[in-house]
There are 2 protein chains.
Amino acid sequence: MKNIERNVYLSNVEVEEALHTFLEKVMGINKEDSLEDIEVINSLGRITGKAVFAKYSSPNYNAAAMDGIAIEARKTYGATEAHPIKLKLNEDFIYIDTGDPIVHPYNAVIMIEDVININKETIQIISAAAPWQHIRPIGEDIVANEMIIPSHHQIRPIDIGALLSGGITSIKVFKKPKVAIIPTGTEIIEPGQKMEVGSIIESNSRVFEGLVYELGGQPNRYLPIPDDYDLLKAKLLEAVMENDIVIINAGSSAGREDYTSSLIKELGEVLIHGIATKPGKPTILGIIKDKPVIGIPGYPVSGFFVFETFVQPLINSFLGQKEERVKEVEAIIAKRIVSSLQYKEFVRIKLGKVGDRLIATPLSRGAGVTMSLVRADGTLVIPQNSEGVEAGEKVKIKLLKDMEQIENTLVSIGSHDLIMDIISNRMQKSYDKHFLSSAHVGSMGGIMALKRGETHIAPIHLLDTNTGEYNISYAKRYLPNEKLALIKGVKRIQGFMVPKGNPKDIKDFKDLTRKDIIFVNRQRGAGTRILVDYQLEKFGINGDEIVGYDREMTTHMAVAAAITSGTADVGVGVYSAAKAMDLDFIPIGEEHYDFLILVEYLENELTNAFLEVIRFQDFKEELLTMGGYGVEGIGDIIYIE
Amino acid sequence: MKNIERNVYLSNVEVEEALHTFLEKVMGINKEDSLEDIEVINSLGRITGKAVFAKYSSPNYNAAAMDGIAIEARKTYGATEAHPIKLKLNEDFIYIDTGDPIVHPYNAVIMIEDVININKETIQIISAAAPWQHIRPIGEDIVANEMIIPSHHQIRPIDIGALLSGGITSIKVFKKPKVAIIPTGTEIIEPGQKMEVGSIIESNSRVFEGLVYELGGQPNRYLPIPDDYDLLKAKLLEAVMENDIVIINAGSSAGREDYTSSLIKELGEVLIHGIATKPGKPTILGIIKDKPVIGIPGYPVSGFFVFETFVQPLINSFLGQKEERVKEVEAIIAKRIVSSLQYKEFVRIKLGKVGDRLIATPLSRGAGVTMSLVRADGTLVIPQNSEGVEAGEKVKIKLLKDMEQIENTLVSIGSHDLIMDIISNRMQKSYDKHFLSSAHVGSMGGIMALKRGETHIAPIHLLDTNTGEYNISYAKRYLPNEKLALIKGVKRIQGFMVPKGNPKDIKDFKDLTRKDIIFVNRQRGAGTRILVDYQLEKFGINGDEIVGYDREMTTHMAVAAAITSGTADVGVGVYSAAKAMDLDFIPIGEEHYDFLILVEYLENELTNAFLEVIRFQDFKEELLTMGGYGVEGIGDIIYIE
């Protein structure tokens, strides 16, 4: 292994400045001809490099526009119902079909419906024809030499039709830029290869492939290269020769395995290393042998934004396209976001139309959380010189999804259960295609979101420790001024989740204080946490006595995952999570997981779609098959007075 | 040739009823499994047939989120600048990079930037680490068994990343329906084949290919079949065997060559023949061997709407997709449209944002005018029971283009000149990408459109027959209350256009009255028409004396095309049109082709883009190379007081 210096300190160049420097440099390079000839029939989606002018007129002769007879108009003058005019075949008229040429001396067409047959040779008409009626004159559609489509136009199916009709068989389009994508890293494995601790499935290059393809470029993915300077150097040189743009993924941070920057410096020029953006800081922009080379950091979310910020404009400029202005909407931010003055930050946002307000809820800001992009409806860009935004502030959101889909989404904020995934899937699958967006902030978080008008429904399972009853008393206490209803959900079994075979022999809450046992907890406000604290109090146990009491997870599945991975011995959660992660389950008790809603949203189309799904027999059967749920009364509505 | 009965009378089934009957019948047929397994890396754009749940967590181990050192948090407690703590390599800490697994007993990461090197074995830290800091816990991104994407979801690049990260390598998606496209007709030729009178270049099948492809189906185009019953029958049977959906193009009207309906009847069942829609009436919906077969009429515009109305919902239903609601906007219709009570009519519309009003101008309603679809921004649907709409009425327009592009379009209504194509092309090509929509209704039509607030600019060339001057007196007379300006355009030479060599020896207007000469005129209100009438008056000639005086064309090119095709001997037009159609040109005089505009639109971004193009030296040189234009003063602004 060659000894490469650790680049602890990167520069912090402002994003627009970096892009400008880079594009100016790249576009200044003399490139070979950027246009190519292609056949019109293969041109769908390509971008014209020159305006296209018709070769022929269409139609290129005077053509019958109807099925019927061709006549000389003057021979029909004076025809009426009272005084029909008789005409002789081949003498006064001929039969023609739509599209047939109109030849001298004929100059009008009468529709077959208006022709009265007398005999094989003779017909009769009862109204006069105007000259040129029902004739498509030459050039009616396209006149030779007229412009069919301009330059810099993306070819649609209908354009292909017009081009062919105008006699054009090949056109000049912008060449698709070839984009090399080189995944690097000794720890990465290809999809389907055996997973081991420390191995990461290589997926970024596949995302880039898709993005390049969608932009109209030609992706060219190379096999992953381990962190070996000489191998990487050889591959990089190969890629630069074979492509117009080169992306190297990972290896761009300041870590030990950071060869990319040294390599680009050796083979060409590093323009910028380190950009004032979050995520995406350790980006490298360089040039090798007149080809742009971009070092993209390894985290999936970083990769996505760096691609969008630097690679997309590059591909667009190769295709003679300017950046599309992204659609923006105004929304109210649901949660305070603190951001650094040092970076321009990209925050993934879930949008929901609740009442007539569009609510923006920030998703996970972790650079490694691909799912935050999968779930995102839009992006909030926090400028470099801003400290963030306050809850309730109006912000501009760049849309990643269609507004129609967003408006067709039932917003759920509250406690998590696996059934929310199943309901979401069933809503989307149904003919009317509604969507369910489900944010997991615990039961109390859900009630607070309902109070602030940020959600349609709040899934909760809150035990009243005085009465032992669920949910209703909390609704009354925290939302005393609202007209509320409770949509009955499921009864679900809570219990201890432990590794298969229960190796540490955990029986009840007293075992949690044992020194050989590491617990993993849920966050404050979660229904499960209230249950845990209620039980601990009953047993007279203090949280301090339990190792891991302060490690808080936000979902049942995350708790189960911690146990599966061996970083904890036990946690409390629902049966479905234990089953999904192949853990043993020791029941503690049954709880009510219901949906709190404002009465005014009960009549909503979205709520109806939700109710239809949960009341459907097939859904109940799916839950019973999964186990751990009671479905009696699901979908019943209790009005809270 | 088999003798097929002429189907003069078709049925007139209401569109929604026809679609409902057809879809119900087709969807009622037992189909083989509609899902298939495909590799995730090849799944871009496909539609999931089932929800996809993660196989592995991501990360699937606790991973370092930063480059730095892994330590036990408790060993750092109490560290401050005043009281740094020293740590030994391999005893207290190890070096790790982003992504490395965190192994027992380590439970926190300190960033490399916060590590002070003492010697090779020893480091020093000056602040304590919190347990689990800078560690990505197992499942931070994806938890095993969580739903990554729901059913009926179209795969985006980012979904591919999430699926691979969740350990998924293949997924179930809806099969692409195979759609046979069979062009028929003895008169059609393939693109590039020799054009003769009566031959039509086959282009519809290529449009359908593109539309099928864009909808996610698999187009399967067959070679064109001449109008031969047995050939067509054999091909139809082959297509039904090999595909899920079959389109037969043309041969569906009531003409002599109408085999399609007889064929479908012989091989299967005709459900409907004749639909209450315009264009598109002679559509056939049938079933052969459990496969849907659609007979689509031959006119390009009919074909497009019939495809959209019947084939698109069929493909969507095969893919488990419901119809996307098309975006609609409200606009003011510029021109009265009379429609029949018998049909649902689809009218192609050009939209323009003039001031704060969105103006809808109907394009050619001819079923054969492909260019009306190429140019259209949207569609106006006139219901079956409506007689049409009045000018000034508010209508809903279904958008075919992005609203942003429409708002970025300078609207020009008035006289036609080839330079409008060139300006349009140059505006679109420029970095800022503005668009020019140019409707040709003659000079007076342009002034009226300006008066009604339907256009930004009106290109005019109106001769004041009292003063011999151009344009300004008309502006004052017809728009006395508006603040107007004239953007100076070109001086252009008008003249007689005659076939090469001037075979009929035409010298001046007196020749037009000769009996051996057929004239072709421009429409009333056109500047050229005013010039013609002015000259005729000077020569004391009446229009009645001229053969063809009443045949009115709306553009110079259409006049030139009529002469090229031999249906007229002479017409009046500009040099560029004569040159483009390879005609001889006998100059009559020079005229001023200028752009009339309201002063309030002069400061407009769109007007600026327009001015920039016409004032550009390169543009002037292009015009001079073309010939027939004077460019002195182009782009100058004359305020009309």
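The values are calculated or read from the model by the stated rules, or taken from the named source; none is laboratory data. Here the structure is a predicted model, which means the values were calculated and not measured. Positions of Cβ are generated from backbone atoms using ideal geometry, with glycine treated the same way; all protein chains shown enter the neighbour counts. Heavy atoms of the whole protein, side chains included, go into the accessibility calculation; ligands, DNA and RNA do not. Shrake-Rupley method; radii C 1.70, N 1.55, O 1.52, S 1.80 Å.
When both bridge partners sit in chain A, DSSP labels roughly 70% of those beta bridges antiparallel. What shape does chain A take by its C-alpha gyration tensor, where a ≥ b ≥ c are the square roots of the eigenvalues and a/c under 1.5 counts as rounded, a/b above b/c as prolate, and the rest as oblate? Note, shape of chain A comes out oblate. Note on B:551-560: average number of Cβ atoms from other chains within 10 Å of each residue's Cβ is 3.
The simple Förster model, with R0 at 51 Å and r as the Cβ-Cβ distance, assigns A:Leu624 and A:Tyr229 a FRET efficiency of 0.30.
How would you rank A:348-354, A:18-24, highest first, on the average number of other Cβ atoms within 10 Å across their residues?
Values: A:348-354: 23.1, A:18-24: 16.0.
Final packing ranking: A:348-354, A:18-24.
Extension gain, A:Thr169-A:Glu214: 0.36 nm per intervening residue step, less the Cα-Cα distance, totals 13.7 nm. Placing a pseudo-label 7 Å from each Cα along the Cα-to-Cβ vector at B:Phe539 and B:Lys88 gives an inter-label distance of 11.4 nm.
Less than 15 Å from a label point 7 Å out along the Cα-to-Cβ axis of B:Asn12: which backbone N atoms in the stretch B:264-306 qualify, by residue? Only B:273-283 pass the distance filter.
Label points for A:Met111 are taken 7 Å from Cα along Cα→Cβ. From this copy to the others they lie 7.8 nm apart, shortest first. Each of B:Thr567, B:Ile116, B:Leu223 was scored by the projection of its Cα onto the charge dipole of chain B, and the greatest displacement toward the positive side belongs to B:Thr567; charges sit on the C-beta of Lys, Arg, Asp and Glu.
Solvent-accessible surface of chain B, averaged per residue with a 1.4 angstrom probe and all protein chains in place: 41 square angstrom. In this calculation the C-beta distance from B:Met27 to A:Leu35 is compared with R0 = 35 Å, giving a FRET efficiency of 0.15.
Which GluC sites (Glu not before Pro) does the stretch B:38-142 hold that lie in a coil by DSSP with at most 12 other beta carbons within 10 Å?
The qualifying sites are B:Glu81, B:Glu91, B:Glu121.
Per the accessible-area calculation with a 1.4 Å probe, the total area buried between chain B and chain A rounds to 9300 Å². In chain A, the portion of solvent-accessible area held by carbon and sulfur atoms comes to 50 percent [1.4 Å probe, whole percent, DNA, RNA and ligands not counted]. Straight-line cross-link partners of B:Lys278 among the lysines, defined as a Cα under 23 Å from its Cα and at least 8 positions apart when in the same chain: B:Lys327, B:Lys335, B:Lys344, B:Lys350, B:Lys394, B:Lys396, B:Lys398, B:Lys401. Relative to the longest principal axis of the Cα atoms of chain A, the long axis of helix A:418-429 makes an angle of roughly 10 degrees. Under the shape rule built on the C-alpha gyration tensor, where the axes satisfy a ≥ b ≥ c, the protein assembly as shown is prolate, since a/c reaches at least 1.5 and a/b is greater than b/c.
The long axis of helix A:15-28 is offset from the longest Cα principal axis of chain A by roughly 40 degrees. If you sort B:Val103, A:Val520 by accessible surface, 1.4 Å probe, largest first, the order is B:Val103, A:Val520. By its C-alpha gyration tensor, with a ≥ b ≥ c as the square roots of the eigenvalues, how is the stretch B:328-407 shaped: rounded for a/c under 1.5, else prolate for a/b larger than b/c, else oblate? Cα axes put the stretch B:328-407 in the oblate bin.
Between A:Val354 and A:Ile359, the built amide H atoms are under 5 Å apart, and every one of these is 5 or more places off in sequence or on another chain.
Taking a straight line from the alpha carbon of B:Lys491, these lysines sit under 26 Å away, with near neighbours fewer than eight places off in the same chain left out: B:Lys429, B:Lys451, B:Lys476, B:Lys483, B:Lys500, B:Lys507, B:Lys510, B:Lys538, B:Lys579, B:Lys620. Rounded to 0.05, the FRET efficiency of the A:Glu324 and B:Glu190 pair, given R0 = 35 Å and the Cβ-Cβ distance, is 0.45. Partner lysines whose Cα lies under 19 Å from the Cα of B:Lys178, excluding those fewer than 8 positions away in the same chain, are identified as B:Lys25, B:Lys31, B:Lys235, B:Lys289, B:Lys291, B:Lys322. When its C-alpha radius of gyration is set against 2.2 N^0.38 Å (N residues), the stretch B:63-136 gives a value of 0.97.
Taken over the stretch B:470-529, the convex hull of the Cα atoms encloses 126 Å³ per residue. Looking at the stretch B:373-421, the GluC sites (Glu not before Pro) that sit in a DSSP loop and have at most 15 other Cβ atoms within 10 Å of their own Cβ are B:Glu387, B:Glu390, B:Glu393. Across identical copies of the chain, B:Pro480 has label-point separations of 7.4 nm, listed in ascending order, with the point defined 7 angstrom from Cα along Cα→Cβ.
Can you compute the label reach from A:Val599? Point 7 Å from Cα along the Cβ direction, backbone N cut-off under 20 Å, restricted to the stretch A:622-641. Under 20 Å, as judged by backbone N against the label point of A:Val599, lie A:635-641 of the stretch A:622-641.
Taking the stretch B:148-227, which trypsin sites (Lys or Arg not before Pro) meet the DSSP loop condition and have no more than 14 other C-beta atoms within 10 Å?
In loop regions of the stretch B:148-227 (DSSP not H, G, I, E or B), the sparsely surrounded trypsin sites (Lys or Arg not before Pro) are B:Lys194.
Of interest is the spacing of the C-alpha centroids, which for the stretch A:497-531 and the stretch A:147-205 amounts to 50 Å. For A:Arg365, inter-copy separations between label points set 7 Å beyond Cα along the Cβ vector come to 6.0 nm, shortest first. Of the listed residues A:Phe616, B:Phe307, the order by accessible area with a 1.4 Å probe, largest first, is A:Phe616, B:Phe307.
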